[in-house]
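Written below as structure tokens is the structure these notes are about.
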Amino acid sequence: MRAVDLIGRKRDRGELTAQELAFLVEGYLDGGVSDGQMAALLMAGVLNGFTEAEALALTRILLDSGESLDLSRLRGPTLDKHSTGGVGDGTTLLVAPLVAAAGGQLVKLSGRGLGHTGGTLDKLESIPGFRTALSPDELLAIVAEVGCAVAAQSERLVPADRALYALRDVTGTVASPALIASSVMSKKLAAGAGTIVLDVKAGDGAFLASIEEVEALAQLCVRIATAAGRRCVALVTAMDEPLGRGIGNALEVAEAVTLLRSAPDAGGRSRLTEVALDLAAHGLALAQGGSVGEVRATLEDHWASGRALERLRAMVAAQGGDPAVCDDPAGILPAAPVRRSAPAPAAGVVTAVPARGVGEIAAALGAGRARKSDDVDPAVGLELAVEVGDLVERDQLLAVVHACTEADAETAARRLADLVHIDGAGGGVAPPAPVLRVVRA
């Protein structure tokens, strides 16, 4: 085989076999296939599409490039949860303790934020002392004791995906359903859980905007998991506006703690609450049996009783963090030196809070990164005060900006006022449903 011939076939809309894809990926890892050749293959696949057979084969190749976690020593049903990335998406901070409170065991290997999207590791590391670099033995010991743990992916798991993703990131070849599915599912399969629940985002702040494209991606991910002998369910959720009110690492932890400290329906359900409960309920129902409605009712009881908050506290302590964050998040989490109110420029109905733009404002403040090597400031970000469908008066609070400098705060407040759409005609706007589809095997 020659790499140039295989690239040419993909350029001409041909299909590659599992053996040919393995030759290319393994060659890329050992230097026999150059960056330019692999970039050409990826671009040809993005433009012409990869088949489902190619996606299945690529997932297996990525999975076999490294080690996998063995969860056989864990006593209960094992679950993993993954989101394709969003803004204000603190669902893992709620789903993990909810699953643990209900007797499941959630083993979550997470990533860091990039661009306008947030990363769970960055959020948790805003808690003083919290450790995400855990050995497999440490990870499993914490899950066995607490019921959940969230850690960084070991370099020994799917190293081929890490190499390919770095190249995709700089060559504009991220947004391919087959490449996204193989990347996500190779990591989920390597993490070893028997049940996988996926949160696949659609809309302005997602990698794929159309519901049809996202549903097709969700279906492909579920089929890959099923072919590998795992139980899997995927929820297609809306990411046209931020999911939570806190945008930024410490702010999202504070929001999750605040929500868990009250009943899930206190003051009306939030979009973040709804998605977290649905993810946990669908995952546990698939893992343990029972109807989604019955499981969700049990989860709401665990939430209202404080059991879920107690599991979060135990996880934070087990991973070296300060458990007092669950009692006094404002006193424990880092705080930005400058806070600035962003007022509404006009009266009317909020018709859009574009997720991508909000994420970009938070990233510019220092909450996100342009490159994986960049540092993040855990304290900065935005606290949104409005969402789609809200009626606002002129100069009413749109958000509180948390910034390092007065200049940063002023710039962010001005950008947010320009970004949020307000319809002065005052017509009613129905808030969008947070969960759009459920995809099962």
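Where a number appears in this text, it was derived from the coordinates with a stated rule and is not lab data. In this text, all values refer to a predicted model and were calculated from it rather than measured experimentally. Neighbour counts are summed over all protein chains in view; Cβ atoms, including those assigned to glycine, are modelled from backbone coordinates with ideal geometry.
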Exercise for the section: Mind listing the long-range amide H neighbours of Thr237? Cut-off is under 5 Å, sequence gap 5 or more, other chains count too, H placed in the peptide plane at 1.01 Å from N. Expected result: Val200, Lys201, Ala202, Leu436
Exercise for the section: Would you kindly derive the ³J(HN,Hα) couplings of region 211-222 from the backbone phi angles with the Karplus curve 6.51 cos²θ - 1.76 cosθ + 1.60 (θ = phi - 60°), listing them in order in whole Hz, with x for Gly and Pro? Expected result: 4, 5, 4, 5, 5, 5, 4, 4, 4, 5, 4, 5
Problem - Ordering of 27-39, 68-80 by packing [mean C-beta count within 10 Å, highest first] - result: 68-80, 27-39
Problem - Value of relative contact order over the chain, rounded to a whole percent, pairs C-alpha under 8 Å and six or more apart - result: 20 percent
Problem - Compactness of region 78-328 - radius of gyration and Dmax, Cα, Å - result: 16.7, 49
Fill in the blank from the handout: Applying the gyration tensor rule to the Cα atoms of region 196-320 (axes a ≥ b ≥ c; rounded if a/c under 1.5, else prolate if a/b exceeds b/c, else oblate), the class is oblate
Exercise for the section: Quick one: net charge around Ala18, please, counting Lys, Arg +1 and Asp, Glu -1 for every other residue with C-beta under 15 Å from its C-beta. Expected result: -3
Exercise for the section: Can you pull the one-decimal nm distance between simple spin-label points at Ala163 and Asp12, each 7 Å off the Cα toward Cβ? Expected result: 2.8 nm
Fill in the blank from the handout: Given pairs Lys201/Lys372; Lys10/Lys187; Lys10/Lys123 and cut-off 29 Å on Cα-Cα distance, the over-length ones are Lys10/Lys123
Exercise for the section: Any chance you could give the angle, 0 to 90 degrees and rounded to 10, that helix 52-64 forms with the longest Cα principal axis of the chain? Expected result: 90 degrees
Exercise for the section: Can you tell me which of 289-302, 94-107 comes out highest on packing, and rank the rest after it, using the mean Cβ neighbours within 10 Å? Expected result: 94-107, 289-302
Completion exercise
If one compares the long axis through the Cα atoms of helix 159-171 with the longest principal axis of the Cα atoms of the chain, the angle in degrees, nearest 10, works out at 70 degrees
Completion exercise
Longest principal axis of the chain (C-alpha) makes with the long axis of helix 136-146 (C-alpha) an angle, in degrees to the nearest 10, of 40 degrees
